[in-house]
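**Student:** Take this structure first; my questions come after.
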Amino acid sequence: MSMPLTVGIVGAGAMGKLFGARLARAAVPVTLIDADRGVVETIQRHGVTLTEDDVTSRIPVAASHADQASGSLDAVLLFTKTYHATAAIASVRHLLSPGTCVLSLQNGLGNGERILAAAPDTCVAIGSTTWPADATGPASVRTHGFGEVRFWSLDGKDHPVLHELDALLSQAGLASRLDPNVKTAIWEKVIFNCAMNPVAALTNSTVGQVAACADGPALAQAIMAEGFAVARAAGLPVDEERVRATVTKAYREHTHHRPSMANDLAHQRRTEIDAINGALVDVARAHGIAVPVNETLTRLLRIVDSRRG
């Protein structure tokens, strides 16, 4: 019997803690790696407290600061903010080998290309996940409902390590599947995030609070319409009804969820607006498409971000 992959999760935020706890509970050799020494030390002492709907459990999970980690990793899940991706990969280069699979499940566009530039001799994979997660403390996270993971290699090739990683994620109950058309899924999530994140951030609202005012869903429809037009121009066949249905479902089932940009502003952090709405605006300009709603949201968040350096 072959040994299971050794997995490193770079970025111990909400998603990193969720995936780390799920993998550790499934007996997968996994280590959470984070730049925040306080977070690392708390997880080392107490593990991760995971709340799934109304059930809470404490799960021991290995944790390390990058410069304290040693050995080699077979797979890396990257969950840092997009603007930290290059530095994050550089911090764990000593743990990577030519056979290592580095999978980005981050928000936004261009993540695979950033990883490839920072670690050109690895197997780079890109993906999307719909699992909701809210960090409730340095070593605690809450999730609810159901999600999935879809991913494939950036170069489009069928690498054996992809299947091994897919099996481990599924073993951990994360509903993983390999999808050679994952770029479409990534674009669908980008359009979803364009509609959900900046509105919640700028209005300091939860998903339910945005949905409670008729202007919230109406604005989301305008944002998505622009996103669909850009995707069509870029030759990506997104399922428009599925994206709309996902937004409607979020309004109905994730009422207490605070999207990541709203959390970023609440904690005085820079947002990922440039990798989400801003990236969509860049593609729109390349194709000569006007996206005034997304451009306005991008400019507003950039003004707020400029105060954070």
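The values are calculated or read from the model by the stated rules, or taken from the named source; none is laboratory data. Keep in mind that what you see is a predicted model, and the values were worked out from it rather than measured. Note that each Cβ is placed from the backbone with ideal geometry, even for glycine, and that neighbours are counted across all protein chains shown.
**Student:** Could you grab me the full set of residues in region 182-227 that are over 14 Å from Asn294 (Cα atoms) and of a type in the set (Asp, Glu)?
**Tutor:** Glu188, Asp215
**Student:** Among all residue pairs at least 6 apart or on different chains, which show Cβ distances below 7 Å where the first residue, located in region 3-25, is assigned by TED's automatic domain parsing to the domain that holds Gly137 and closer than 22 Å to Arg258 by Cβ and the second is assigned to a loop (DSSP other than H, G, I, E, B) and among the β-branched types (Val, Ile, Thr)?
**Tutor:** Partner pairs satisfying both residue conditions: Gly11/Thr80; Gly20/Val61; Ala21/Val61.
**Student:** A further question follows. Return yes or no: is Ser140 closer than 22 Å to Thr56 by Cβ, more than 16 Å from the chain's Cα centre (by Cα) and either surrounded by fewer than 23 Cβ atoms within 10 Å (Cβ to Cβ) or modelled with pLDDT under 95 (or both)?
**Tutor:** Values: closer than 22 Å to Thr56 by Cβ: yes; more than 16 Å from the chain's Cα centre (by Cα): yes; either surrounded by fewer than 23 Cβ atoms within 10 Å (Cβ to Cβ) or modelled with pLDDT under 95 (or both): yes.
Answer is yes for this residue.
**Student:** So Asp121 fits all but one of (1) loosely packed, with under 14 Cβ neighbours inside 10 Å; (2) of a type outside the set (A, V, I, L, M, F, W, C); (3) not in a loop (DSSP other than H, G, I, E, B); what number is the exception?
**Tutor:** Here Asp121 clears every test but (3).
**Student:** Moving on to the next point. Tell me, which helices (runs of 4 or more DSSP H) wholly within region 206-271 include 3 or more residues that are surrounded by 15 or more Cβ atoms within 10 Å (Cβ to Cβ), over 20 Å from the mean Cα position of the chain (by Cα) and modelled with pLDDT of 95 or more?
**Tutor:** Output list reads 207-211, 215-233.
**Student:** Here's a follow-up. With respect to the numbered conditions (1) in a loop (DSSP other than H, G, I, E, B); (2) of a type in the set (Gly, Ala, Ser); (3) free of Cβ contacts under 8 Å to residues at least 12 places away in the same chain, which one is the sole condition not fulfilled by Gly145?
**Tutor:** Of everything listed in (1) in a loop (DSSP other than H, G, I, E, B); (2) of a type in the set (Gly, Ala, Ser); (3) free of Cβ contacts under 8 Å to residues at least 12 places away in the same chain, Gly145 misses just condition (3).
**Student:** For region 159-180, which residues satisfy the criterion of being touching a residue at least 12 places away in the same chain (Cβ under 8 Å) and either assigned to a strand (DSSP E or B) or over 14 Å from Ala26 (Cα atoms) (or both)?
**Tutor:** His159, Val161, Leu162, His163, Glu164, Ser176, Arg177, Leu178, Asp179, Pro180
**Student:** Also: Give me the helices (runs of 4 or more DSSP H) completely within region 1-95, filtered to those with at least 2 residues that are of a type in the set (S, T, N, Q), ordered by residue number. Give the derivation first.
**Tutor:** Numbers: elements: 14-25, 37-46, 85-91.
Hits in region 1-95: 37-46, 85-91.
**Student:** From Ala211, Ala222, which residue is assigned by TED's automatic domain parsing to the domain that holds Thr255, touching a helix residue (DSSP H, G or I) at 6+ places or on another chain (Cβ under 6 Å), over 15 Å from Leu297 (Cα atoms) and hydrophobic (A, V, I, L, M, F, W, C)?
**Tutor:** After ruling out the rest, the residue left standing is Ala211.
**Student:** Does Ala135 count as closer than 30 Å to Pro60 by Cα and out of contact with any helix residue (DSSP H, G or I) (no Cβ under 9 Å at 6 or more places or on another chain)?
**Tutor:** Here the answer is no, as Ala135 does not meet what is asked.
**Student:** Can you confirm whether Gly156 is part of a loop (DSSP other than H, G, I, E, B) and on the phi > 0 side of the Ramachandran plot?
**Tutor:** Taking the combined requirement at face value, the residue satisfies it.
**Student:** Filter region 97-118 for residues that are assigned to a loop (DSSP other than H, G, I, E, B) and either of a type in the set (S, T, N, Q) or within 18 Å of Asp166 (Cβ to Cβ) (or both) and give the result.
**Tutor:** Step one: of region 97-118, the residues assigned to a loop (DSSP other than H, G, I, E, B) are 97-100, 105-110.
Selection gives Ser97, Gly99, Thr100, Leu105, Gln106, Asn107.
**Student:** Separate question: With at pLDDT below 95, touching a helix residue (DSSP H, G or I) at 6+ places or on another chain (Cβ under 8 Å) and either farther than 25 Å from Asp274 by Cβ or not assigned by TED's automatic domain parsing to the domain that holds Phe151 (or both) as the only criterion, which of Asp54, Asp74, Asp67 stands out?
**Tutor:** Asp67 is the lone residue from the list that is at pLDDT below 95, touching a helix residue (DSSP H, G or I) at 6+ places or on another chain (Cβ under 8 Å) and either farther than 25 Å from Asp274 by Cβ or not assigned by TED's automatic domain parsing to the domain that holds Phe151 (or both).
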